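For reference, the structure discussed in these notes is given below.
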Amino acid sequence: QVQLVESGGGLVQPGESLRLSCAASGSIFSIYVMGWYRQAPGKQRELVAVITSSGTTTYADSVKGRFTISRDNAKTTVNLQMNSRKPEDTAVYYCRVVTASGAAWGQGTHVTIST
């Protein structure tokens, strides 16, 4: 099994930068994809950004040019740098990892953009 621990959420002002991190442990010998999803109140969970084992990234149109996903050299931690944030970025952000043995979700971290 893969365990995921997220950190970095909180209450911030619009325009301020914030960095989310997700550390994977356990059966992480074959991670295919690491990424971030979010779920705003009353809405479905949606993809924010993902990064593959080869480093290919995909972003939601709503965050392109503002958010950057990255991974550490050991490929066990995935980060989401959030710049130029907007009130509509308020959501619970979830880390997700896809491995050879299946997928795992983090517990979620709240990000609230004050208005």
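The values are calculated or read from the model by the stated rules, or taken from the named source; none is laboratory data. Only a predicted model underlies this, so the values are computations on that prediction, with no experimental measurement involved. Note: ideal-geometry Cβ built from the backbone for every residue, glycine included; neighbour counts use all protein chains shown. Note: areas computed on protein heavy atoms with side chains; ligands, DNA, RNA excluded. Shrake-Rupley method; radii C 1.70, N 1.55, O 1.52, S 1.80 Å.
Laid out as a table, the results:
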read-out: Ser30 vs. criteria over 12 Å from the mean Cα position of the chain (by Cα) and closer than 11 Å to Leu80 by Cα; value: no
read-out: Of all residues in segment 72-86 being touching a residue at least 40 places away in the same chain (Cβ under 8 Å) and either among the hydrophobic types (A, V, I, L, M, F, W, C) or assigned to a strand (DSSP E or B) (or both), the one that is nearest to Gln1 (Cα to Cα); value: Thr77
read-out: Hey, Glu16 open to solvent by 60 Å² or more (accessible area, probe 1.4 Å) and either under 23 Å from Gln1 (Cα atoms) or modelled with pLDDT under 90 (or both) or not; value: yes
read-out: Within segment 33-71, considering residues that are of a type in the set (Phe, Trp, Tyr) and touching a residue at least 40 places away in the same chain (Cβ under 8 Å), the one surrounded by the fewest Cβ atoms within 10 Å (Cβ to Cβ); value: Tyr37
read-out: Hits in segment 50-60 - residues which are hydroxyl-bearing (Ser, Thr, Tyr), at pLDDT 95 or above and assigned to a loop (DSSP other than H, G, I, E, B); value: Thr56
read-out: Yes/no for Val2 being over 14 Å from the mean Cα position of the chain (by Cα), among the hydrophobic types (A, V, I, L, M, F, W, C) and more than 15 Å from Gln107 (Cα to Cα); value: no
read-out: Single residue of segment 87-103 satisfying the filter (open to solvent by 20 Å² or more (accessible area, probe 1.4 Å) and in a strand (DSSP E or B)) that is nearest to Pro41 (Cα to Cα); value: Val92
read-out: Checklist (1) farther than 19 Å from Ala104 by Cα; (2) modelled with pLDDT of 90 or more applied to Leu47, failing item; value: (1)
read-out: From the options Ser30, Ser17, residue that is touching a residue at least 40 places away in the same chain (Cβ under 8 Å) and either among the basic types (Lys, Arg) or touching a strand residue (DSSP E or B) at 6+ places or on another chain (Cβ under 6 Å) (or both); value: Ser30
read-out: Matching residues in segment 27-43 - criterion: being outside any loop (DSSP other than H, G, I, E, B) and over 14 Å from Ala74 (Cα atoms); value: Gly35, Trp36, Tyr37, Arg38, Gln39
read-out: Condition check for Val63: of a type in the set (Val, Ile, Thr), part of a loop (DSSP other than H, G, I, E, B), modelled with pLDDT of 90 or more and over 10 Å from the mean Cα position of the chain (by Cα); value: yes
read-out: Members of segment 78-89 found to be under 13 Å from the mean Cα position of the chain (by Cα) and either over 22 Å from Gly10 (Cβ atoms) or modelled with pLDDT under 95 (or both), listed by number; value: Met82, Asp89
